[in-house]
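So the structure is just underneath, and the comments pick up after that.
The values are calculated or read from the model by the stated rules, or taken from the named source; none is laboratory data. Only a predicted model underlies this, so the values are computations on that prediction, with no experimental measurement involved. FYI the Cβ positions are ideal-geometry reconstructions off the backbone, even for glycines, and counts take in every protein chain you see.
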Amino acid sequence: MNKNHWKIIFGIYIVLVINFVVVKFNGNIYNTINTVQMNIMRSAEGGSNYNLIPFQTVSIYLADLSFGVALVNIVGNIIPFIPMGFLIPLAFRSQRRMIKTMFTCFLLIVSIESIQFFAYLGSFDVDDIILNMISCFLGFLFFSAYSRIYKKYKSA
């Protein structure tokens, strides 16, 4: 595949992340509307929809992984972001260094968290950023392995 194909795949990936991670759209717009309304009410009652303390949310979830929401939250913050660390360097040659890929991932993830916060679609959670960045790093490791294997295969 050429780089334009990877850019298209990356674009589709971003749309899917926005749909399923940011908006959390599952086919029922009323669920999304209810989420926004509940978050607005919680905020109006003095509740916060942000966490700026590292590992606060994760430690609560790790204390009881049998709690379904905990497992879904942890896995949901890891699995969807592995492709980001893999696709960015494939789609954009200038992003083939780990530091550049990780910086781009960071900017995208902070943007996602900010959209969730300001649109009342969810919360801004530093723990989500940490888990997402770990995922991007794993994705970049997969990219590195893929690149080495591809180079060996191509030169053989």
I need the helices (runs of 4 or more DSSP H) fully contained in the range 28-86, keeping only those with at least 1 residues that are farther than 28 Å from PHE140 by Cα and modelled with pLDDT of 90 or more.
29-44
Can you find a residue in the range 119-131 that is surrounded by fewer than 16 Cβ atoms within 10 Å (Cβ to Cβ), more than 18 Å from VAL15 (Cβ to Cβ) and without any contact (Cβ under 8 Å) to a residue 40 or more places away in the chain?
no
Selection from the range 77-95 of residues that are of a type in the set (Gly, Ala, Ser) and crowded, with 16+ Cβ neighbours inside 10 Å
GLY85, ALA91
Scan (1) touching a Lys or Arg at 6+ places or on another chain (Cβ under 6 Å); (2) part of a loop (DSSP other than H, G, I, E, B) for the single condition PRO89 breaks and write down its number.
(2)
May I ask you to list pairs of residues, at least six apart or on different chains, whose Cβ atoms are under 7 Å apart, with the first in the range 65-76 being more than 13 Å from ASP127 (Cα to Cα) and surrounded by 10 or more Cβ atoms within 10 Å (Cβ to Cβ) and the second being basic (Lys, Arg) and at pLDDT 75 or above?
none
Could you give every pair whose Cβ atoms fall below 6 Å, whose first residue belongs to the range 11-40 and is under 15 Å from GLN116 (Cα atoms) and free of Cβ contacts under 8 Å to residues at least 24 places away in the same chain, and whose second residue is polar (S, T, N, Q) and part of a helix (DSSP H, G or I), counting only separations of at least 6 or pairs across chains?
PHE25/ASN19; PHE25/THR32
Being in contact with a helix residue (DSSP H, G or I) (Cβ under 6 Å, 6 or more places away or on another chain), of a type in the set (A, V, I, L, M), more than 23 Å from TYR13 (Cα to Cα) and in contact (Cβ under 8 Å) with a residue 24 or more places away in the chain is the requirement here; does LEU87 meet it?
no
Can you name the number of the only condition in (1) over 18 Å from MET133 (Cβ atoms); (2) in contact (Cβ under 8 Å) with a residue 24 or more places away in the chain that ILE115 fails?
(1)
Quick one: is MET98 of a type in the set (A, V, I, L, M), surrounded by 14 or more Cβ atoms within 10 Å (Cβ to Cβ) and without any contact (Cβ under 8 Å) to a residue 60 or more places away in the chain?
yes
What is the residue count in the range 92-139 for residues that are assigned to a loop (DSSP other than H, G, I, E, B) and of a type in the set (A, V, I, L, M)?
2
